[in-house]
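Values in this text are rule-based calculations from the coordinates and carry no lab data. Being a predicted model, the structure only gives us computed values, none of them experimental. All Cβ positions, glycine included, derive from the backbone under ideal geometry; neighbour counts span all protein chains shown.
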Amino acid sequence: MKPKHQHSDRDRIWTPEPIVQQLINKIPADLNDSWCDPCYGEGVFYNNFPVNDKVWFEIDKGRDYLTNTQKFDWVVTNIPFSQPKTFIEKMSDDCIKGFGILCLANSMTATRQKMLNNKGLYINSVTTLYIKEWGFGYRTDFYVFTREPNKKYEVIIYG
């Protein structure tokens, strides 16, 4: 019997390649930029990075991103849904130009956005996804944060 969704648990949900290709196109990167995929999984993000200067991590393959000390121009991945705070903070610390993060919509709280703004990172774009094969109805978003604010995108955090 084939499983309903293609993932082994809540932290291993594979993003379809056609979706990843569209998401990567949202990253305002230069050809000489360095890229990092903190959660390699099956490599769909990493394999679609448009550069040769790229690095991957995957805890199941003995390469733990959370112990990484390198900096990269772009850090882009589908994070483990059970660890949004840890990955949002680490990715924001490790990026030079920005990061792209696929996560549950409720993972990007106002408090986290404010923390990112205080670090000089601002929402450049948000893409809302519903991937039917994942088999759950939770909204997922792909956020792109950059060092330059997007004047066409407004976030109001009051208080």
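Listing for the model above:
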{"quantity": "Normalised contact order of the range 17-146, rounded percent, pairs of Cα under 8 Å and 6 or more residues apart", "calculated": "21"}
{"quantity": "Listed pairs K71/K132; K61/K119; K26/K119; K26/K97 exceeding 24 Å between Cα atoms", "calculated": "K71/K132; K61/K119"}
{"quantity": "Cleavage-rule hits (GluC sites (Glu not before Pro)) in the range 14-96: DSSP loop, at most 13 neighbouring Cβ within 10 angstrom", "calculated": "E42"}
{"quantity": "Likely footprinting exposure, D60, D94, fewest C-beta neighbours within 10 Å first", "calculated": "D60, D94"}
{"quantity": "Kirkwood-based shape ratio for the chain, expressed as Rg/Rh from alpha carbons", "calculated": "0.94"}
{"quantity": "Footprinting exposure proxy for Y65, Y158, Y138 (fewest neighbouring C-beta atoms within 10 Å first)", "calculated": "Y158, Y138, Y65"}
{"quantity": "For K152, K61, K26, K97, order by how many other beta-carbon atoms lie within 10 Å, fewest first", "calculated": "K152, K61, K26, K97"}
{"quantity": "Under 5 Å, built H, 5+ apart or other chain: amide partners of S34", "calculated": "D73, W74"}
{"quantity": "The chain, helix-only ellipticity at 222 nm - DSSP H runs n ≥ 4, -39,500 (n - 2.57), divided by all residues, nearest 500", "calculated": "-5500 deg cm²/dmol"}
{"quantity": "Beta bridge orientation in the chain: antiparallel %, DSSP, nearest 5", "calculated": "60"}
{"quantity": "Among V55, V20, V144: highest mean-square fluctuation, GNM of the chain, C-alpha pairs under 10 Å", "calculated": "V55"}
